[in-house]
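To keep things clear, I will list the structure first and then write my remarks on it.
The values are calculated or read from the model by the stated rules, or taken from the named source; none is laboratory data. Please read these numbers as outputs of a predicted model, since none were measured by experiment. Positions of Cβ are generated from backbone atoms using ideal geometry, with glycine treated the same way; all protein chains shown enter the neighbour counts.
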Amino acid sequence: MARLRWGLRLPAAAVCAASLAGGCARAADAALIAAAQKEGEVVWYTTQIISQLVRPVSAAFEKKYGVKVRAARANSTEVSVKIINESRAGRPQSDVFDGTSTVVPLKKEGYVLKWLPDPAKAYPAQYKDPEGYWVANNLYFLAPGFNTRLVPRGSEPRTYQALLDPKWRGKMAWSTTATSSGGSGFIGTVLTEMGSESGMAYLRELAKQRIANVGSAAREVLDQVIAGEYSLALQIFNHHAVISGKKGAPVDWIKMEPVTGTLSVISVHKDAPHPNAAKLLVDFIISTEGQHIFRDAEYLPADPTVPPLTPALTPEGGKFRTRFFTPEQTEDAIAGWKKIYDDLFW
Amino acid sequence: MTSSIDLVPAAPATHRKPLCDDAGIETIWSRLSAYQTRLLAAFLIVVLAALVLPPLLFLLKASVLDAQRGEWSLVNFEVVLGSRRFLASSANSLVFAAGSAALALVIGWITAWIVERTNTPLKSLAYLTAIISLGTPYILYVTAWLLVFGKAGPVNQLYRALSGTSDVVINIYSMPGMIMVEGFLWSPLAFLLAGATLRNANPELEEAARVSGAGIWQTIRRVTLRLSLPSILALSMLVFIRAVEAFEVPALAGLPGRVSVLTTDIYSNMVARAPPDVGGASALSVLMLALVLVLLAIYGRLSRHADKFATVTGKGFQPRPFDLGRLRYAAAAMLVANFLLLLLVPVAMLTWVSLLPFYQPLSAAAFDLVTLANYRTVFSPDHVGLIVNTLLVATATATIAVALTFAAAWLSVRRAPCGWAVERLATVPLVFPGLVLGIAVMQLFLRLPIPLYGTLAILVWAFVINYLPYGMRYSASGMLQIHRELEESAEICGASAWTRLARIVAPLLAPALLAGWLFIFLMAARVLSLPILLAGPRSQTMAVTLFDLWSNGQGTELAALGLIWSALMAMIAAIFYGLARRSAAGALARA
């Protein structure tokens, strides 16, 4: 196992060897591993879906290092809120956290450790924070999904304008979460793409379609579409549709351009109760080995050397255009998008 | 008296006449044991005040603090009151609560009347339904009914098949749909409470009406309903207040249908942006608190009258059941429908979903997907820890709340010095909706240098506050049945206050205390709104985990875990009911 990992991490090791006097990564690793094992566990506040990704990642990490992973899931904003509350109370509970924009408010409050794992050095610049507070662990592409039993293939709406067709009235749903994967995120993409004036005009029309606001993760919205509660789910993760489709669910996603692109990024809490185990977990997730687990779970790895299982899910493989948002861009604008969402879609 | 399963949380003690008004009694407290009693009163006042008052103060403070500038201001209230959302949400809360209370009462009262007053067969079905429902987390029930009545659920599926349209007959994501689900949710409790009242009501007047030639309907309309009107009003007020505070149904069924209520607005203020809008949430909470306060005042007036009516009828008797003739089969059909709607269908739906990898309507094709994978996942060490946590929290809460209120009720019912203060303090938490108390306790522990945040202890802390009034209700109504001459004779023989409490009052009160303990235990194990904002990664309760599973897109695992948990809790609820009945029988025998 160790040899495999060493081999796969060659680019990072090469950088390391070139800059320092050689062998540094291994030495640091050994010390880190020992310290992490002494801590025994790591608490991971995640926005990832537990059953799809967190379980296989945790299992592999526990098997490799013998350090127990405790994961708790909520959406990006809720994770920030929890960490802010706990940190203000002087009782930070989390070691590691991820999310599309979780890190930004936490950075402002000073709760994030400025640290990047070695494997991040091989990542493209746009996949890590220039200031060194976060690194991407996977890419997200958000688009509509549809129930293939209720909406025969070929009759699904393919453009934003097509969503205004009265036949979809009352048949669409999205998540209420104030994140990229909710109604607010959809609004953000529309406004960025169409400009604020025609964007707002479009949204006012869309509001007449009475989209159902589901107070849960986009994953659950898609599940309700699979169940047949709604025909279309807006702003869902395209790989979720593929995961369910492979299990036999009547669902597919729509390449509606522009697709919203964003990152899931991961960081370590500055006052992590298990600082070494935290670093070890992030190191593992960002490593080529960890990224292969993401890939095998049908997630889209951030590591450019690990190709996705289904290339059609990415802009290059699927040949679709995206509107890309960094965590900071999302966080800066989300309050405004949420306000429009509250005003128009309630 | 069956008040041991009666949770109506009025302030029962002080406004009632003492059982025995001998002039000499008042001097008890000036005798030997007065010192011990004062010590106990002082201790309780300090403990109760320390529990109850700080959350209230911190909530009030947060509501009048401008977080951005760090200065006192009413800006939070201005923002809340100035938004058109506030008016809509308040109106929705009231409509939702009124509708739910009416529906729960109609279902509960009719069922209770059939069970208590007629010769209808299959009565045990109603008890089975009610008891199992006592152990089931609301969140699980709500998920189940959403699946049953959802657009893709069997009811609408059947309608579409029959009508040939693609329409729905029930839109669950609407105000009527929400009222239906919330009404269902409370109907078992309404049944148990209405049943207790009907069982205790004197049937002589009804019998007189029937002897005078009145038919069944006439008797019900002109005698039974009139007699129980005060208790019906009091009961509907109780469900009304509970529904104003409800969180599960508005979150799951209200949001998709764009029906916002106060609780979902408060929750969204606390989680929908980082950092959270604590000021806005607190201001909204304070307004909601004021609303509940008004409702409680109305409820207090109503239940006072209810008591008056109840005391008219305290004799031992064996009411003769109405002979419904052929109608009893219709009544039995109602009981079966009740059983299907409130128990069998939701459980069957959850079982179906728990066997699937993703939600699918019932169909032959979907049978091929059936798997036990969810159960394999659910039987994990993490979930064992979760079950242990929940049982720990519920046990600790029930034990502490009952211990405190046992002593408080004794001081209050026996009119000890400061007994009134103790009683008032223990009933203050009634004003807190669960979610609001959660925010208040959170504020408290975010500010205090006591490192309890994120532990099980903070959950117990909040739950104890929440259930003090219920413990008080159980203890005080039990205490009222124990004549003080027993204590007096012990005192004359030289027994101290401690000895009297431990050797006389506690053993006699045991059934009522046990019933109260189990009631609090079951509530603490099933409610979501209080722990949802307080639970940390290591301090989850089952209800919070079930909600998380739903909101995180693990609905099929939710069904599997929820069913296992409900089976466990149904067993505990059955014990609860057995004890409550026995203590009721014991009380009747004494009378």
Task: Among the candidates B:Leu444, B:Leu448, B:Leu456, B:Leu452, residue that is out of contact with any helix residue (DSSP H, G or I) (no Cβ under 7 Å at 6 or more places or on another chain) and within 14 Å of another protein chain (Cβ to nearest Cβ) - done: B:Leu448
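Given the options A:Leu281, A:Leu263, name the one that is surrounded by 20 or more Cβ atoms within 10 Å (Cβ to Cβ), assigned to a strand (DSSP E or B) and not aromatic (Phe, Trp, Tyr). Break it down into steps so the answer makes sense when it comes.
Working: A:Leu281 fails: assigned to a strand (DSSP E or B).
Only one candidate qualifies: A:Leu263.
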Open item on the list: So, in the stretch A:238-256, exactly how many residues are facing another protein chain (nearest Cβ under 10 Å) and assigned to a loop (DSSP other than H, G, I, E, B)?
Closed with: 4
Open item on the list: Can you go through A:Lys339, A:Lys319 and tell me which one is under 16 Å from A:Gly199 (Cβ atoms) and assigned by TED's automatic domain parsing to the domain that holds A:Leu206?
Closed with: A:Lys339
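Of the residues that sit in the stretch B:430-442 and are assigned to a helix (DSSP H, G or I) and either surrounded by 24 or more Cβ atoms within 10 Å (Cβ to Cβ) or charged (D, E, K, R) (or both), which one is farthest from the chain's Cα centre (by Cα)? Even if it seems obvious, please write down each step before you answer.
Kept after step one, since they are assigned to a helix (DSSP H, G or I), are these residues of the stretch B:430-442: B:430-431, B:434-442.
Among the residues that remain, those that are also either surrounded by 24 or more Cβ atoms within 10 Å (Cβ to Cβ) or charged (D, E, K, R) (or both) are: B:435-442.
On the way: B:Leu435: 14, B:Val436: 16, B:Leu437: 15, B:Gly438: 16, B:Ile439: 19, B:Ala440: 20, B:Val441: 20, B:Met442: 22 Å.
So, considering only residues that are assigned to a helix (DSSP H, G or I) and either surrounded by 24 or more Cβ atoms within 10 Å (Cβ to Cβ) or charged (D, E, K, R) (or both), the one farthest from the chain's Cα centre (by Cα) is B:Met442.
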TODO: From B:Val249, B:Val239, grab the single residue that is within 13 Å of chain A (Cβ to nearest Cβ), surrounded by 23 or more Cβ atoms within 10 Å (Cβ to Cβ), under 22 Å from the mean Cα position of the chain (by Cα) and not in a loop (DSSP other than H, G, I, E, B).
DONE: B:Val249
Task: Residue ID - surrounded by the fewest Cβ atoms within 10 Å (Cβ to Cβ), chosen from residues in the stretch B:373-384 that are within 30 Å of B:Pro188 (Cβ to Cβ) and more than 10 Å from chain A (Cβ to nearest Cβ) - done: B:Val384
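Those residues that are part of a helix (DSSP H, G or I), in contact with a strand residue (DSSP E or B) (Cβ under 7 Å, 6 or more places away or on another chain), more than 7 Å from chain B (Cβ to nearest Cβ) and of a type outside the set (S, T, N, Q), I need them from the stretch A:46-81; list them, please. Break it down stepwise before answering.
Within the stretch A:46-81, the first condition is being part of a helix (DSSP H, G or I), and the residues that meet it are A:50-65, A:76-81.
Retained after the next criterion (residues that are in contact with a strand residue (DSSP E or B) (Cβ under 7 Å, 6 or more places away or on another chain)): A:50, A:54, A:58, A:61-62, A:76, A:79.
With more than 7 Å from chain B (Cβ to nearest Cβ) added as a condition, the list becomes A:54, A:58, A:61-62, A:76, A:79.
Listed by number, the residues that qualify are A:Val54, A:Phe61, A:Glu62, A:Val79.
On the given criteria, is A:Ala31 surrounded by 23 or more Cβ atoms within 10 Å (Cβ to Cβ) and more than 22 Å from B:Tyr453 (Cα to Cα)? Talk me through it step by step, then tell me what you get.
Values: surrounded by 23 or more Cβ atoms within 10 Å (Cβ to Cβ): no; more than 22 Å from B:Tyr453 (Cα to Cα): yes.
No: the conditions fail for A:Ala31.
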Open item on the list: Quick check on my filter: what residues within the stretch B:261-287 are at the interface with chain A (Cβ under 10 Å from one of its Cβ atoms) and assigned to a helix (DSSP H, G or I)?
Closed with: B:Thr264, B:Tyr267, B:Ser268, B:Met270, B:Val271, B:Val278
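Which residues, counting only those in the stretch B:540-561, are more than 9 Å from chain A (Cβ to nearest Cβ) and not aromatic (Phe, Trp, Tyr)? Don't jump to the end; show me each part of the working.
Taking the stretch B:540-561 first, the residues more than 9 Å from chain A (Cβ to nearest Cβ) are B:541-547, B:558-561.
B:Thr541, B:Met542, B:Ala543, B:Val544, B:Thr545, B:Leu546, B:Leu558, B:Ala559, B:Ala560, B:Leu561, listed by residue number.
Hey, among the residues in the stretch A:82-91 that are among the hydrophobic types (A, V, I, L, M, F, W, C) and closer than 17 Å to B:Ser539 by Cα, which one's farthest from the other protein chains (Cβ to nearest Cβ)?
First, the residues of the stretch A:82-91 that are among the hydrophobic types (A, V, I, L, M, F, W, C): A:83-84, A:89.
Filter again for closer than 17 Å to B:Ser539 by Cα, leaving A:83, A:89.
Numbers: A:Ile83: 8, A:Ala89: 4 Å.
So the residue we want is A:Ile83.
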Open item on the list: Consider the stretch B:160-207. How many of its residues are over 18 Å from A:Ala212 (Cβ atoms), in a loop (DSSP other than H, G, I, E, B) and under 24 Å from the mean Cα position of the chain (by Cα)?
Closed with: 1
